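Before any comments, here is the structure.
The values are calculated or read from the model by the stated rules, or taken from the named source; none is laboratory data. This structure is a prediction, so every number in the text was calculated from the model and none was measured. Neighbour counts run over all protein chains shown; Cβ positions are idealised from the backbone, glycine included. Heads up: the accessible areas ignore ligands, DNA and RNA and are worked out on the full protein's heavy atoms, side chains in. Shrake-Rupley method; radii C 1.70, N 1.55, O 1.52, S 1.80 Å.
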Amino acid sequence: MTKILAPSVLSADFGHLERDLEMINRSEADWLHVDVMDGVFVPNISFGFPLMEPMRQYCTKPLDVHLMIVHPEKYVERFCDAGAWSVGFHLEAVEDPLPILDLIKAKGVRTCLTINPDIDVQRLVPYLDKVDMVLLMSVFAGFGGQKFIPETMDKIRFIRTEIDRRGLNTLIEIDGGVNSQNAHDLYAAGADALVAGSAVFGSSDPEATIREMKA
Ligand code: DX5
Ligand code: ZN
């Protein structure tokens, strides 16, 4: 079973970004999750291209970019050029995801399709063989520190079954309210990758928390 852990830089201390990224580098974290919010698709604004540069410079782990923006087709190539290892955008933010996935693939970058908790998980099924990863939001996109939505568990099991039935290697990533209490159950239900913001950066010993979550 793959157990990927991706701390979300959204909860890092941006005044001490280099220090926090060095902690991530030392830790057992697999990726750095990069939450980009535009204030339109979600009611919050995080950061954009200028922070990709120091993240790429100081972080040795792959940058897993999660775009919570309208018109991702305008920006995905720039995020690829800025050093993203994977680029994901929301299915419900676009009319047709396929040409946008092609833009990312043409850059040689891994693709991810994401849905908020109120979007029918069935809508991901036609794309399972066209993406490297699907991301199920386990809170409503926009803010760190929210409570995990328990209904996510059944969605993970459903998507796991659909992926396995087709013999695909598509990864399942879960984002929102993940902590050391629920991480084990999420992996057991079929998640490959977990995002954790406040649980990691709010911990008094983030490296130990990362280890615990993967254990
Ligand atoms: C929410 C973001 C998440 C967020 C997770 O919109 O997509 O990645 O950083 O934060 P926690 O782990 O605190 O729920
Ligand atoms: Zn995210």
Given q = 0.18, 0.19, 0.24 Å⁻¹, what are the Debye log10 I(q)/I(0) values for segment 98-215, with equal point scatterers placed on the Cα positions and solvent ignored? -0.94, -1.02, -1.35
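Calculate, in nm to one decimal, what residue 14 and residue 168 gain on full extension: separation in residues at 0.36 nm each, minus their alpha carbon distance.
Extra length from residue 14 to residue 168 when fully extended: 51.7 nm.
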Please report the net charge: other residues with Cβ closer than 15 Å to the Cβ of residue 143, K and R +1, D and E -1. -2
By how many nm would the segment from residue 92 to residue 49 grow when fully extended, if each residue of separation counts as 0.36 nm and the alpha-carbon distance is taken off? 13.2 nm
In deg cm²/dmol and to the nearest 500, what is the mean residue ellipticity at 222 nm of the chain if only DSSP H runs of at least 4 residues count, each as -39500 (n - 2.57), divided by the residue total? -9000 deg cm²/dmol
Net charge contributed by nearby residues that have their C-beta within less than 11 Å of residue 152 (K/R +1, D/E -1): -2
At 1.4 Å probe size, with every protein chain present, just tell me what the per residue accessible area of the chain comes to in Å². 43
With a 1.4 angstrom probe the carbon and sulfur portion of accessible area for segment 4-214, in percent, totals 49
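Is there a quick way to get the dipole size of segment 60-215? I mean about its Cα centre, with the Cβ of Lys and Arg at +1 and of Asp and Glu at -1; what is the value in debye to the nearest 20?
240
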Enumerate the calculated ³J(HN,Hα) couplings along segment 103-109 in order (Karplus 6.51 cos²θ - 1.76 cosθ + 1.60, θ = phi - 60°), each rounded to whole Hz, writing x wherever the residue is Gly or Pro. 4, 5, 4, 4, 8, x, 10
Taking Rh as the Kirkwood radius, which is the inverse of the mean 1/r over Cα pairs, what is the Rg/Rh value for the chain? 0.93
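Kindly work out what percent of the DSSP beta bridges joining two residues of the chain are antiparallel, to the nearest 5.
Looking only at bridges with both residues in the chain, the antiparallel portion is about 5 percent.
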Sort all Cα-Cα distances of segment 1-116 into consecutive 5 angstrom bins from zero, then give the percent of pairs in each bin up to the one containing the longest distance. 2, 12, 23, 24, 19, 13, 6, 1, 0
